[in-house]
Amino acid sequence: MDIKIRNILNQFKILRSLQARIFVIVFLIGIIPSIIMRYGILNSYEDRAVSLRTSDVQRQLNIIANHLITYNYLTDTSSEVISAELEQLSNLYDGRVIIINSNLKVIKDTYGISEGKTVISEEVVKCMKDGQGSSEFNDEYDYIEFTTPILEPAPMAETSEGEKPKEGDKARDIVRGVMLTSVSTDSIVVTLDILSRKALIMEIMMLFVIFAIALVLAKILTKPFERVTKAISEVKEGFTDEPVSVPDYLETEHIVDAFNQLLTRMKALDTSRQEFVSNVSHELKTPITSVKVLADSLLAQEDVPAELYREFMVDIAAEIDREDKIINDLLSMVKMDKKVASLNISVVDINALTEIILKRLRPIARKRDIEVVFESNRAVTAEVDEVKMTLILTNLVENAIKYNREQGGVKVVLDADHQFFTLDIIDTGIGIPEESLEHIYERFYRVDKSHSREIGGTGLGLAITRSAVLLHRGSIKVSSIEGEGTTFTVKIPLSYVVF
């Protein structure tokens, strides 16, 4: 059962392919006009043939109607001339002629079955009343029915002596009877059948030709997409990592451009991953190596003085703390991943939170005689994650203190509008070179590796900070002048919106 369902699904899958759809479209574009043309030509021929037959028969019926008056056939049906004309017309068109007098009595029927009967027909009565003939084609039974008035010219109206008849004074002809005629269209039908068979044969031949053309066109038109698929497969299998180029169509160019951009990004991510692994390995290995060297030094000496022993243990503890900080930063970085990160949103007084964080960091600043100032333009309350907001402020202010000058300053400015609140962290420190500004949020990136090593930086602080800001749907920007100072601007919505 599963195999049957799978086969059915595979068949439907074929219909989703571009090649199949192009084939169907080209095939239908080719075959539908030919079908319409065939029916159009046949219907046009039928209409034309019926029109000619109607015109021809009507002309002969008018002649016979005049002869009926000339030979006074309505009162004396013994005229062999009229009878011969009627029989000739009936045989020529495989039809039937019925002559009806003014009393609606049948005086002549070429079939000889209705003579003496009274005819009550709407068409006959109308023709008798109006003196106008009519014709109607019955395509169900394949015949044309005519009603032809038998008209006797009316005498000219009398005028006063010496007066001439006025133009338009011609009297109406008198209707003496009606000819009801049925003419077969079997010959037209036979001709139509012959034409239809020939057209069908031509249509079948065209069907095969169009089928072949549609198949070839579908194959040719989808060839570039097959090349795109093949090129992407080669990249996927690892045979090449060169950019793909299939410029046949604008659509293939768009697909290839998008893939090449993705390939470039994947290469950058792979390079970043390799650098990240290398940096992590190096960062984790360095403190361990230092601990091992210190421990081996202690083990290699006998009767180690207590002072030296204590000095080495202090260094070992510092390296362990450094290792712990690196691991904690790495865990924070993982938790900031957008796929797994979650926010514990609550209403937070940003002014009070900033005061608390600066109070914790001022003792560190005092050691280097750095003044930390908080300037609030208005009271701000926002919907944020208090823990991550604390992390953002702590990292930025701590960096401003670490990378500052002796007797420098750090100013934190808080402001808000009706949508966002902003925090400017301004320092008078060493600044950041312009070429490094676009890299400062990369993991383990350091502007001055030697100085960062001295103050214990891991290169993860700004990466963690940026991730926390983005989780709040905010933004972080930096401006810096080397040797003068740096300003970080954090902008976060007052109300958190879940997407």
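The values are calculated or read from the model by the stated rules, or taken from the named source; none is laboratory data. Because the structure is a prediction, the values reported are computed rather than measured. We place every Cβ from the backbone using ideal geometry, glycine too, and count neighbours over all the protein chains shown.
Looking across region 130-151, just one residue is acidic (Asp, Glu), farther than 11 Å from residue 50 by Cα and in contact with a helix residue (DSSP H, G or I) (Cβ under 9 Å, 6 or more places away or on another chain), and that is 145. The number of residues in region 309-358 being under 24 Å from residue 422 (Cα atoms), assigned to a helix (DSSP H, G or I) and modelled with pLDDT of 80 or more comes to 9. Examine region 278-300 for a residue that is modelled with pLDDT under 75 and among the basic types (Lys, Arg), and state whether such a residue exists. Yes: one or more hits. Within region 146-159, identify whether any single residue is of a type in the set (S, T, N, Q), assigned to a strand (DSSP E or B) and closer than 27 Å to residue 187 by Cβ, and answer yes or no. Within region 146-159 (the criterion being of a type in the set (S, T, N, Q), assigned to a strand (DSSP E or B) and closer than 27 Å to residue 187 by Cβ), the answer is yes, since at least one residue qualifies.
Testing residue 471 on (1) surrounded by fewer than 13 Cβ atoms within 10 Å (Cβ to Cβ); (2) within 37 Å of the chain's Cα centre (by Cα); (3) at pLDDT 75 or above; (4) of a type in the set (A, V, I, L, M, F, W, C), one condition comes back false. Which one is that? Against the list (1) surrounded by fewer than 13 Cβ atoms within 10 Å (Cβ to Cβ); (2) within 37 Å of the chain's Cα centre (by Cα); (3) at pLDDT 75 or above; (4) of a type in the set (A, V, I, L, M, F, W, C), residue 471 comes up short only on (1). Scanning region 361-371 for residues being among the charged types (D, E, K, R) and surrounded by 13 or more Cβ atoms within 10 Å (Cβ to Cβ) gives a total of 3. Taken over region 175-195, the criterion of being within 26 Å of residue 149 (Cα to Cα), among the hydroxyl-bearing types (Ser, Thr, Tyr) and within 60 Å of the chain's Cα centre (by Cα) is satisfied by 184, 185. Scanning region 178-198 finds one or more residues that are at pLDDT 90 or above, small (Gly, Ala, Ser) and within 30 Å of residue 117 (Cα to Cα). Taking region 104-150 as the search range and keeping residues that are surrounded by 11 or more Cβ atoms within 10 Å (Cβ to Cβ), over 19 Å from residue 65 (Cα atoms) and hydroxyl-bearing (Ser, Thr, Tyr), which one is nearest to the chain's Cα centre (by Cα)? If we take residues in region 104-150 being surrounded by 11 or more Cβ atoms within 10 Å (Cβ to Cβ), over 19 Å from residue 65 (Cα atoms) and hydroxyl-bearing (Ser, Thr, Tyr), then 143 is nearest to the chain's Cα centre (by Cα). Residues in region 365-384 that are within 13 Å of residue 408 (Cα to Cα) and not in a loop (DSSP other than H, G, I, E, B): 365, 366, 367, 371, 372, 373.
Each residue in region 395-426 was checked for being in a strand (DSSP E or B) and without any contact (Cβ under 8 Å) to a residue 40 or more places away in the chain, and 4 of them qualify. Out of 86, 92, I need the residue that is surrounded by 14 or more Cβ atoms within 10 Å (Cβ to Cβ), more than 45 Å from the chain's Cα centre (by Cα), under 17 Å from residue 181 (Cα atoms) and without any contact (Cβ under 8 Å) to a residue 60 or more places away in the chain. Which one? Answer to the selection: 86. The condition of being in the same structural domain as residue 351 (by TED's automatic domain parsing) and under 46 Å from the mean Cα position of the chain (by Cα) holds for only one of 400, 416, that being 416. Listed conditions (1) free of Cβ contacts under 8 Å to residues at least 12 places away in the same chain; (2) buried (at least 19 other Cβ atoms within 10 Å of the Cβ) are all met by residue 392, apart from (1).
Is there a residue in region 228-237 that is farther than 30 Å from residue 17 by Cβ and either within 40 Å of the chain's Cα centre (by Cα) or not in a helix (DSSP H, G or I) (or both)? Checked against the condition, which is being farther than 30 Å from residue 17 by Cβ and either within 40 Å of the chain's Cα centre (by Cα) or not in a helix (DSSP H, G or I) (or both), region 228-237 yields no hits at all.
With the requirement that a residue be more than 19 Å from residue 132 (Cα to Cα) and either within 60 Å of the chain's Cα centre (by Cα) or among the charged types (D, E, K, R) (or both), what does region 54-83 give you? Result: 76, 80. If the condition is being among the acidic types (Asp, Glu) and either surrounded by 11 or more Cβ atoms within 10 Å (Cβ to Cβ) or modelled with pLDDT of 85 or more (or both), then region 151-162 contributes only 152.
When the residues of region 1-52 are filtered to those that are of a type in the set (D, E, K, R) and over 29 Å from residue 204 (Cβ atoms), the one that is modelled with the lowest pLDDT is 2.
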